[in-house]
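Here it is: the structure, laid out below.
The values are calculated or read from the model by the stated rules, or taken from the named source; none is laboratory data. Just so we're clear, the structure is a prediction, and the values are computed from it rather than from any experiment. Note that each Cβ is placed from the backbone with ideal geometry, even for glycine, and that neighbours are counted across all protein chains shown.
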Amino acid sequence: MDAKAHWEEIYRRTPPDRVSWYRSHLETSIALIERVAPEKHASVADIGGGESTLADDLLVHGYRNLTVLDISEVAIQASRGRLGPSAEQVRWIVGDVTAMQFDAGAFDVWHDRAVFHFLTAAEQRAAYIRNAIRAVRPGGHVIVSTFGPEGPTRCSGLDVVRYDASSLHGEFGARFRLIESRKELHHTPIGSSQQFLYCLCRIEGS
């Protein structure tokens, strides 16, 4: 089963609030986005946004230049339906982040919670990083959250790569200046715990 088919099946069979990564509000993500992009016209991309409520909360906080990308059309349609008329204020894209053709400098903020750690092949990670460099304007910010060193080794039936701040920043390279890293203990809907790592980077000029 290819990646798209896998995730369509996951979202088709699992209610939004029962997937392991579900949080009713992504407080850490929201705080980091507001820190680096206080202007409400900032262009924010949620990579692998799926059925996350991040777009809902950013709209409530006044952001109006939002893009949500996910490989699953089922997830995108569910989020659009949940938002109702407010969904028209968000740009929705169904696609694989490693294969997208982004406009240069399209975003001020690139946010990813729980996509990068599924990229177990070096060429997938390289394609992701090339796209982030192209899509985020110089001086913009990249927020990536993966499973931390004590996090799970598998999720949703797939292997993952766990990171500490040094190894995650090492994947991204010198164009990404690490501003902050932090760990977060996420409590899943079934009562278990997962360690997440957040890294906040600034894109340096070419």
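Return a yes/no flag: does segment 5-19 have any residue that is farther than 16 Å from His111 by Cβ, aromatic (Phe, Trp, Tyr) and part of a loop (DSSP other than H, G, I, E, B).
For segment 5-19, residues farther than 16 Å from His111 by Cβ, aromatic (Phe, Trp, Tyr) and part of a loop (DSSP other than H, G, I, E, B): absent.
Condition first: free of Cβ contacts under 8 Å to residues at least 60 places away in the same chain, under 20 Å from Ala75 (Cβ atoms) and among the charged types (D, E, K, R). Now tell me which residues in segment 1-39 satisfy that.
The answer is Asp2, Glu9, Arg13.
Only residues that are farther than 18 Å from Val142 by Cα and either in contact (Cβ under 8 Å) with a residue 60 or more places away in the chain or in a loop (DSSP other than H, G, I, E, B) (or both): list them for segment 53-75, please.
Passing the criteria: Thr53, His61, Gly62, Arg64, Ile71, Ser72, Glu73, Val74, Ala75.
Right, another one. If you check Glu88 against the conditions, is it assigned to a loop (DSSP other than H, G, I, E, B) and over 26 Å from Lys183 (Cβ atoms)?
No; evaluated as a whole, the condition is false for this residue.
Mind listing just one residue for me: the one in segment 20-52 that is assigned to a helix (DSSP H, G or I) and hydroxyl-bearing (Ser, Thr, Tyr) and, of those, farthest from Phe116 (Cα to Cα)?
Thr28
Which one of Ala132, Ala126 is in contact with a strand residue (DSSP E or B) (Cβ under 6 Å, 6 or more places away or on another chain), farther than 21 Å from Ile10 by Cβ and not in a loop (DSSP other than H, G, I, E, B)?
Among Ala132, Ala126, only Ala132 is in contact with a strand residue (DSSP E or B) (Cβ under 6 Å, 6 or more places away or on another chain), farther than 21 Å from Ile10 by Cβ and not in a loop (DSSP other than H, G, I, E, B).
Applying the selection to segment 160-176, what residues are surrounded by 14 or more Cβ atoms within 10 Å (Cβ to Cβ) and either in a strand (DSSP E or B) or not basic (Lys, Arg) (or both)? Before you say what the answer is, go through the steps one by one.
Keep residues of segment 160-176 that are surrounded by 14 or more Cβ atoms within 10 Å (Cβ to Cβ), which gives 160-165, 168-169, 171-172, 175-176.
Matches in segment 160-176: Val160, Val161, Tyr163, Asp164, Ala165, Leu168, His169, Glu171, Phe172, Phe176.
I've got another one for you. Take Ile179 and decide whether it is surrounded by fewer than 17 Cβ atoms within 10 Å (Cβ to Cβ), modelled with pLDDT of 95 or more and β-branched (Val, Ile, Thr).
yes
Quick grid of which residues meet (1) within 16 Å of the chain's Cα centre (by Cα); (2) of a type outside the set (S, T, N, Q):
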{"residue": "Arg137", "(1), (2)": "no, yes"}
{"residue": "Val144", "(1), (2)": "yes, yes"}
{"residue": "Phe147", "(1), (2)": "yes, yes"}
{"residue": "Gly157", "(1), (2)": "no, yes"}
{"residue": "Gly170", "(1), (2)": "no, yes"}
{"residue": "Ser181", "(1), (2)": "yes, no"}
{"residue": "His187", "(1), (2)": "no, yes"}
{"residue": "Gly191", "(1), (2)": "no, yes"}
{"residue": "Tyr198", "(1), (2)": "yes, yes"}
